[in-house]
1. Within the stretch 9-29, track down each residue that is part of a loop (DSSP other than H, G, I, E, B) and small (Gly, Ala, Ser).
2. I'm checking my understanding of the structure. Among residues of the stretch 161-184 that are free of Cβ contacts under 8 Å to residues at least 60 places away in the same chain and crowded, with 17+ Cβ neighbours inside 10 Å, which one is nearest to VAL9 (Cα to Cα)?
3. Which numbered condition in (1) at pLDDT 95 or above; (2) closer than 21 Å to PHE177 by Cα is the only one that GLY98 fails?
4. Between CYS138, CYS164, CYS118, which is in a loop (DSSP other than H, G, I, E, B), within 25 Å of the chain's Cα centre (by Cα) and in the same structural domain as LEU21 (by TED's automatic domain parsing)?
5. What are the pairs with Cβ atoms under 9 angstrom where one residue, in the stretch 14-32, is modelled with pLDDT under 90 and the other, located anywhere, is not acidic (Asp, Glu)? Sequence gap at least six, or different chains.
6. Looking at the stretch 353-373, I want the residues that are outside the structural domain of LYS335 (by TED's automatic domain parsing) and have a partner that is among the hydrophobic types (A, V, I, L, M, F, W, C) and in a loop (DSSP other than H, G, I, E, B) with Cβ atoms under 7 Å, at least 6 apart or on another chain. Which pairs are those?
7. Within the stretch 11-39, track down each residue that is charged (D, E, K, R) and over 13 Å from GLU50 (Cα atoms).
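The values are calculated or read from the model by the stated rules, or taken from the named source; none is laboratory data. Here the structure is a predicted model, which means the values were calculated and not measured. No Cβ is skipped: glycine too gets one built from the backbone with ideal geometry, and neighbour counts run over all protein chains shown.
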Amino acid sequence: MQKTIVLGVTGGIAAFKAAQLASDLIKKDYDVEVILTKNATQFIAPLTFEALIDHNVVVDTFEKVQNRSIHHISIAKKADLFILVPASANVIAKVAHGIADDMLTTTFLACNKQKVICPAMNTQMYENPITQENLQRCRDLGYAILEPAVGHLACGDTGKGKLCDLQDILDYVDRFFHRSDLLKGKRVLITAGPTQEALDPVRYLTNHSSGKMGYSLAQAALDMGAEVTLISGPVQLTAPKGVRFYPVTTAKEMFDAVCAHCDTADFIIKAAAVGDYRPLYVSEQKIKKGGERLHVEFVKNPDILAYLGEHKRPHQIICGFAMETQNLLENAQAKLENKHCDMIVANDLHTEGAGFQSDTNIATILDRSSRTPCPKMSKYALGVTILKHMLALRTQGEQ
């Protein structure tokens, strides 16, 4: 069933970003209603949103809208999630204290669903103790606060107060609507990120993995009620709150960590990009520049996915990843068979919207009996899809 998101847009230079957010939410098949304050109309016109969402956009509480005699009540009842973006200091103060003096704050007060506040304002206004007290009051009332970013602001200052990244809002929305107990009681083991193999005390060999897919999987599994263990190579990401987190560096360290935790896992997802080889010798000193060529001898690293497939427990579902640059499905099918796993998520490095560093992915899920194309979506949404596919395989195996 389609979910309805109400966007409350307040007066601020970041108001134009709410239009992009509305468009992104529509593309993800959410129903979007928009309410603007009068100050917001000084920055962006209601017609802009109406063109995007195919709904009337109301500013005035008493504005007549066909088939809606009490507009703020009808929107409040329709809402599944209410987001203030951007949220000005003025409107934050109002909603923190139950003031309802325009269409936006009246509807906000009438809505009994989850509310999200995305502050955006001058740094001094944001850091003012009154604003911080109002934000804390909102937290105490159960409202989610998506913290502003640090950056260059429209006023010329640099500091905290910039609207958070739109992807953070989209990720929150996806997580909110995918929360469930589908994996309650299940243990999920996930590997993520790259590995690094030292060449000397200064240099190492690695790959371009950002860890975003594995970390998104960990968050998705948490949101679906699972107990999650995340084993990660070096990345610039923060582990989701609630996971059992084990940082590693080399392929051998990742192999040892997986071996220590795999026996009790119900679902194992090997999303890490593990180096296949490591230098046979690691120089104790920095290798100095010499001749035109440098010869390095390599030895093979442990094959983690093959090990898991060979030692698979009856209750386990094992998922690998295949990042390819050619013959995607053929190579992924061979990996599925050779590594004795239950499913493979295949994606092509050269496909726009997929790959290591992006926030989205395009993939095909292969199992023993089917191939399921997954169109471009956020890595979090793909994580939910992967976990549901694993759960379906588990259910089939139990029948």
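1. Taking the stretch 9-29 first, the residues part of a loop (DSSP other than H, G, I, E, B) are 10-14, 28-29.
Listed by number, the residues that qualify are GLY11, GLY12, ALA14.
2. As a first pass, look at the stretch 161-184 and keep what is free of Cβ contacts under 8 Å to residues at least 60 places away in the same chain: 161, 164-165, 168, 172, 179-181, 184.
Keeping just the survivors that are crowded, with 17+ Cβ neighbours inside 10 Å gives 161, 164, 172.
Numbers: GLY161: 16, CYS164: 14, TYR172: 18 Å.
Applying the filter and picking the extreme gives CYS164.
3. If we test GLY98 against (1) at pLDDT 95 or above; (2) closer than 21 Å to PHE177 by Cα, just (2) comes out false.
4. Values: CYS138 fails: in a loop (DSSP other than H, G, I, E, B); CYS118 fails: in a loop (DSSP other than H, G, I, E, B).
After applying the criteria, what remains is CYS164.
5. Note: pairs meeting the criteria are LYS28/LEU170; LYS28/VAL173; LYS28/MET377; LYS28/SER378; LYS28/ALA381; ASP29/GLN2; ASP29/LYS3.
6. Listed by first residue and then by second, the contacts come to nothing, as the list is empty.
7. If the condition is that a residue be charged (D, E, K, R) and over 13 Å from GLU50 (Cα atoms), then LYS17, ASP24, LYS27, LYS28, ASP29, LYS38 are the ones that fit.
To keep it simple, each residue is scored yes or no on (1) in contact with a Lys or Arg (Cβ under 9 Å, 6 or more places away or on another chain); (2) at pLDDT 90 or above.
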site: ILE344; (1), (2): yes, yes
site: ASN347; (1), (2): no, yes
site: GLN357; (1), (2): yes, no
site: ARG371; (1), (2): no, yes
site: CYS374; (1), (2): no, yes
